[in-house]
Amino acid sequence: MKKIDVCLSPEIMHLYNVHDRTVVVVDILRATSCMTTAFAHGIDSIAPFASLEDCLAMKSNGYFTAGERDGKKVEGFDLGNSPFEYMDEKLKGKKIAFTTTNGTQAIAKSVGAKEIIIGSFLNLSAVTEFLLVSENNVLIVCAGWKGKVNLEDTLFAGAVVDILKDHIEPDCDAPLAAQHLYTLAKQDLNGFLKNSSHVKRLAKLGIHKDIEFCLTPDRYNVVPILHDGILESGDWNSTIKTY
């Protein structure tokens, strides 16, 4: 049986051998939710960058630039980190260079994996179905917050483990811990997370609708996949299933 593991922070990625794994990078609030939304609304591709400078430089190559630090849009960038920005018709078919506080850093630290995909609650069933048919072992990399563990990414990891529990076995205790948290929270994710650090951080910025949107499962049936440093739509045409 295939195995699944959960890296609760990118700071401990050195503990994991990813060469035989499909890595699912998750930053629920809000980078990977934005990426999922962008592809669902017709974005051509996303180039993720850890560095603000490298990302901004892509503007001269015809890219729209998206930059976020500490939850706020970075001055000089075209877009911030709200999923609603990526529903704009003018972005359809365009390329985006993207950098965020946590999500794109987690992607950078996952390089070397057999496969890297983007996960969010918005495409939860599409991701789990993708993992189910894949031959690879799985590692879910939670972006966290500046190296620290956060609750919302851990809950997503737990949801994946719970959905696939009859098909993929936990590799250690981290998947079990995430699964137990998810079973406690799944009836009311918003309520469970109301006192979490990043929800409170974003709430202070008045970003309430983003939080609710990003915690909604199965809005989209896309699986962004990293190819040669560029995220593209996985064209995942299978019907979304509930396991």
Checklist line | Subset of the range 66-121 (residues that are in contact (Cβ under 8 Å) with a residue 24 or more places away in the chain, among the aromatic types (F, W, Y) and outside any helix (DSSP H, G or I)) | finding: F98
Margin query: I need a count of the residues in the range 45-57 that are touching a Ser or Thr at 6+ places or on another chain (Cβ under 9 Å) and in contact (Cβ under 8 Å) with a residue 60 or more places away in the chain.
Written below: 2
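Inside the range 175-198, can you point out the residues that are surrounded by fewer than 21 Cβ atoms within 10 Å (Cβ to Cβ) and assigned to a helix (DSSP H, G or I)?
Narrowing the range 175-198 to residues surrounded by fewer than 21 Cβ atoms within 10 Å (Cβ to Cβ): 176-177, 180-181, 183-188, 190-192, 194-197.
Within the range 175-198, L176, A177, H180, L181, T183, L184, A185, N190, G191, F192, S197 meet the criteria.
Has the range 73-95 got at least one residue that is of a type in the set (G, A, S), modelled with pLDDT of 95 or more, touching a helix residue (DSSP H, G or I) at 6+ places or on another chain (Cβ under 7 Å) and surrounded by fewer than 17 Cβ atoms within 10 Å (Cβ to Cβ)? It would help to see each step written out before you state the result.
We begin by selecting, within the range 73-95, every residue of a type in the set (G, A, S); these are 76, 80, 82, 93.
Restricting the remaining residues to those that are modelled with pLDDT of 95 or more gives 76, 80, 82, 93.
Those left that are additionally touching a helix residue (DSSP H, G or I) at 6+ places or on another chain (Cβ under 7 Å): 76, 82.
Cutting the leftovers down to surrounded by fewer than 17 Cβ atoms within 10 Å (Cβ to Cβ) gives us 76.
Yes - at least one qualifying residue is present in the range 73-95.
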Note to self: If I filter the range 21-30 for residues that are more than 19 Å from E85 (Cα to Cα), of a type in the set (A, V, I, L, M), touching a residue at least 12 places away in the same chain (Cβ under 8 Å) and surrounded by fewer than 17 Cβ atoms within 10 Å (Cβ to Cβ), do I get at least one hit?
What the structure shows: no
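Determine whether G144 is on the phi > 0 side of the Ramachandran plot and surrounded by fewer than 20 Cβ atoms within 10 Å (Cβ to Cβ). Working first, answer last.
Values: on the phi > 0 side of the Ramachandran plot: yes; surrounded by fewer than 20 Cβ atoms within 10 Å (Cβ to Cβ): no.
For G144, the condition - on the phi > 0 side of the Ramachandran plot and surrounded by fewer than 20 Cβ atoms within 10 Å (Cβ to Cβ) - is not met.
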Item checked: Checking C172 against (1) in contact (Cβ under 8 Å) with a residue 24 or more places away in the chain; (2) surrounded by 16 or more Cβ atoms within 10 Å (Cβ to Cβ); (3) within 27 Å of T22 (Cα to Cα); (4) not hydroxyl-bearing (S, T, Y), the condition it does not meet -> (2)
Check: Looking at the range 223-236, is at least one residue assigned to a helix (DSSP H, G or I) and under 27 Å from E11 (Cα atoms)?
Finding: no
Next item on the list: Residue by residue through the range 11-20, note down the ones that are in a loop (DSSP other than H, G, I, E, B), surrounded by fewer than 15 Cβ atoms within 10 Å (Cβ to Cβ) and of a type in the set (A, V, I, L, M, F, W, C).
Entry: none
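For the range 21-56, give me each residue that is of a type in the set (K, R) and either assigned to a strand (DSSP E or B) or over 16 Å from the mean Cα position of the chain (by Cα) (or both). Walk me through how you get there before you give the answer.
From the range 21-56, those of a type in the set (K, R) are 21, 30; that's our starting set.
Answer for the range 21-56, where residues must be of a type in the set (K, R) and either assigned to a strand (DSSP E or B) or over 16 Å from the mean Cα position of the chain (by Cα) (or both): just R21.
The values are calculated or read from the model by the stated rules, or taken from the named source; none is laboratory data. Everything quoted here is computed from the prediction, not taken from an experiment. Don't worry about glycine lacking a Cβ; one is built from the backbone with ideal geometry, like all the others, and counts go over all protein chains shown.
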